[in-house]
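What follows is a single structure, written as structure tokens, with notes after it.
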Amino acid sequence: IADTASGQTDDPAVGDLDISSGVQLTITGAGASSTTIDANDIDRAFAVHSGGSLSLSDVTLKHGAQPDSGLSEDSVAPGYGGAVYNDGTLSIDSSVLTENSADEGGGVVYADDAANATSITNSTITGNVADDEGGVIYADSGSVKLTGDTITHTSADSEGGVLYDYEDGTTEGPVTISNSTI
């Protein structure tokens with residue numbers, strides 16, 4: 001599912017899997033201990049483009065890496081979103097998000113300026129890092145919901161060890177964290 005119009009990499013063997021506008025992709029694993037999506041520190045795992053939607057459940061998502069140079073230069077927003085770049089709608093449920101990293105922001109997720117919503121529910125989030133802001137999420141736009149999650153050993157070198165909500169005067173959604181352990 002490639003976003004060839006934007007010029008981004010369309011080969012998931014050497015880069016993230018692009019979810020294009022109008023595409024609604026759902027991946028349901030057999031349980032986080034049984035189903036693993038390992039980006040192998042090559043790139044982030046997924047890029048949800050404007051108008052696209054990704055729903056992940058019952059998976060482990062690990063080893064997403066988003067440096068701001070090298071192979072990631074072929075990716076949208078190099079350096080942001082270790083596991084997932086979201087410029088559409090992203091929902092993650094009953095999953096494990098671990099050992100993902102970004103040189104800039106969003107160790108796990110970067111919600112760019114056209115993002116509608118980012119939601120992580122009933123998940124374990126551990127060992128993720130951003131070299132700048134948002135150890136788990138860097139939110140540029142859209143609503144953010146963390147519900148029933150356990151977040152440990154996650155960090156950012158600058159601001160927002162868990163969440164960085166960038167406010168630049170654009171329309172942004174609410175941030176809600178409930179029933180979670182941080």
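Quick note: the coordinates plus some simple rules give every number you see, no bench work behind them. A quick note: this is a predicted structure, and the numbers were derived from the prediction, not measured. Here the Cβ positions follow ideal geometry from the backbone for every residue, glycine too, while neighbour counts run over all protein chains shown.
Computed quantities for the displayed model
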| quantity | calculated |
| --- | --- |
| Taking the convex hull of Cα positions in segment 54-182, its mean projected area over all directions (nm²) | 6.6 nm² |
| Distance from segment 135-182 to segment 41-57 (C-alpha centre basis), Å | 18 Å |
| Where labels lie 7 Å past Cα in the beta-carbon direction, separation of Thr181 and Asn40 in nm | 3.5 nm |
| Additional length obtainable on full extension of the chain from Glu167 to Thr126, 0.36 nm per residue less Cα span | 12.2 nm |
| Directionally averaged projected area (convex hull, Cα atoms, segment 109-182), nm² | 4.3 nm² |
| Segments 111-123, 90-102 sorted - mean Cβ within 10 Å per residue, highest first | 90-102, 111-123 |
| More than 13 angstrom apart: percent of Cα pairs within segment 31-104 | 62 percent |
